[in-house]
């Protein structure tokens with residue numbers, strides 16, 4: 001019985017010691033902080049990741065698996081303006097029909113063919129930039145382009 005008590009107490013003491021050793025290290029406080037000076041000639045040309053991703057968008061047709069990269073619009077008004085569709089849009093018959101786009105009054109993004117007939121209508125998405133709501137059977141999302 002005494003052996004069991006000694007073993008439990010030793011185990012408890014070892015557990016306490018290990019938990020104390022695994023705590024955050026205490027660093028000495030200093031009155032100054034060393035800083036690294038960056039060379040603006042070198043770092044001025046580096047584009048932050050958030051800005052690189054913002055340069056383009058990618059339409060993904062979830063039915064056919066086709067993707068289409070487009071320049072991200074700086075301003076899309078309520079009147080149709082040309083959509084900068086990329087050459088990789090030929091993988092989907094509907095994506096290659098897109099010629100223009102506009103913001104509708106209800107906040108949706110509308111993409112149309114060269115004659116102004118709506119090809120897709122998108123609303124802001126949850127986890128994606130936009131998701132298609134027209135036509136009803138379309139499964140197209142718009143995400144930031146990476147690469």
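The values are calculated or read from the model by the stated rules, or taken from the named source; none is laboratory data. Keep in mind that this is a model prediction, so the values were computed, not measured. Here the Cβ is made from the backbone with ideal geometry for all residues, glycine too, and neighbour counts use every protein chain on show.
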### Message
On the basis of being out of contact with any strand residue (DSSP E or B) (no Cβ under 6 Å at 6 or more places or on another chain) and at pLDDT below 85, does residue 146 make the cut?
### Response
yes
### Query
Going through segment 53-71 one residue at a time, which ones are surrounded by fewer than 16 Cβ atoms within 10 Å (Cβ to Cβ) and either part of a strand (DSSP E or B) or free of Cβ contacts under 8 Å to residues at least 40 places away in the same chain (or both)?
64, 65, 71
